[in-house]
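Report on the structure given below.
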Amino acid sequence: MTDNISMYSDFAGLAKLREDAKAKSPEAAREAAQQFEALFVQMMLQSMRSASSVLGEQRDTTYEEMFDRQIALELTRGKGLGIADLLMKQLALEGSDATALPEDGVFLGLDPNDFRQAIETSRNEVLAAGQVPQRRDWQPTGRDEFVRDLLPHAEKAAETLGVDPRVLVAQAALETGWGQHVIRDGNGLSSNNLFGIKATGRWKGQHLSIPTLEYENGVAQRLRENFRVYDDLAEGFADYVNLISGSERYTEAVRKAGEPEAYLDALQEAGYATDPNYANKIKAILRGPDFGDYVAQAKDST
């Protein structure tokens, strides 16, 4: 089968290939059948994705379409799903007096559930092979789980920054509502952006555009901004470390990293966030009656 499955991605192209198949050779017939099968899989994937979309306006479909093509290619290699074989019979029957298909037009012997299972299996195989980056989803069920999941990453980041890891966990708690309001894409998958880091002009990775609350001269206003997307929590923490340690604007914060409250004040003074109470809100989380217990439980579980 031709690897370029987009070659006949419109029905006009398929119709021409179909006529060639009837007039020329069995090889052309097989090509026509496989191309149609690939197109069918692409259309089914698009339909399934559309039906499951939660926040469609945030979706960047470029990589989804590339991914769907790759899945369609993998599914239709070799024996495929069986659609190509049935179409081969159909093309052969068109040259005879036999009835091409049952009156109801249903492909016999094909269960729609088999299609879904085959698609999911192929998707997992493609991801496992590293052909498409797999972003890890994350959604803690409670504050204790939030702290338990983040503390190991915070401790690693703290080694570089010299800050108390609890400060980083508390900052992430404020930014994400204890993990319940992490930025998510159109399929509900976590961006793993724990620190509200925006996608500036220098950012070359994935990003999501969402409404956010910003403050100008102390007045809150709703704006739409682009935020970075990471494959997992570790990457999100690593980028935070790079941002703080690699930017001159946060030099004072790094210098005061050993003093939690001074570090947070320096972050705010450097313009990390526009909320005038940003530092105080994080301090309140650090001083909260349950926060210390969550941290202690997280340490005991490791």
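The values are calculated or read from the model by the stated rules, or taken from the named source; none is laboratory data. Note that the structure is predicted; figures quoted are calculated from it, not measured. Cβ placement follows ideal geometry from the backbone for every residue including glycine, while neighbour counts extend to all protein chains displayed.
Close Cβ contacts (under 7 Å, 6 or more residues apart or on different chains) running from residues in the stretch 169-190 that are within 15 Å of Asp232 (Cβ to Cβ) to residues that are at pLDDT 95 or above and part of a helix (DSSP H, G or I) comprise Ala172/Leu150; Gly179/Phe146; Val182/Thr176. Looking only at residues in the stretch 159-187 that are in contact with a Lys or Arg (Cβ under 9 Å, 6 or more places away or on another chain) and of a type in the set (Gly, Ala, Ser), the one that is nearest to Gln139 (Cα to Cα) is Gly179. Within the stretch 156-169, the residues that satisfy the criterion of being within 18 Å of Leu264 (Cβ to Cβ) and either not polar (S, T, N, Q) or not assigned by TED's automatic domain parsing to the domain that holds Ala279 (or both) are Ala157, Ala158, Leu161, Gly162, Val163, Asp164, Pro165, Arg166, Val167, Leu168, Val169. Filtering the stretch 165-202 to residues that are part of a loop (DSSP other than H, G, I, E, B) and of a type in the set (Gly, Ala, Ser) leaves Gly177, Gly179, Gly186, Gly188, Ser191, Gly196, Ala199, Gly201. Could you check the stretch 239-256 and list, in sequence order, the residues that are surrounded by 15 or more Cβ atoms within 10 Å (Cβ to Cβ) and either more than 31 Å from the chain's Cα centre (by Cα) or of a type outside the set (D, E, K, R) (or both)? Selection gives Tyr240, Val241, Leu243, Ile244, Ser245, Tyr250, Glu252, Ala253, Val254, Lys256. Go through the residues of the stretch 219-237 one by one and say whether even a single one is of a type in the set (Ser, Thr, Tyr) and at pLDDT below 95. There is no residue in the stretch 219-237 that is of a type in the set (Ser, Thr, Tyr) and at pLDDT below 95.
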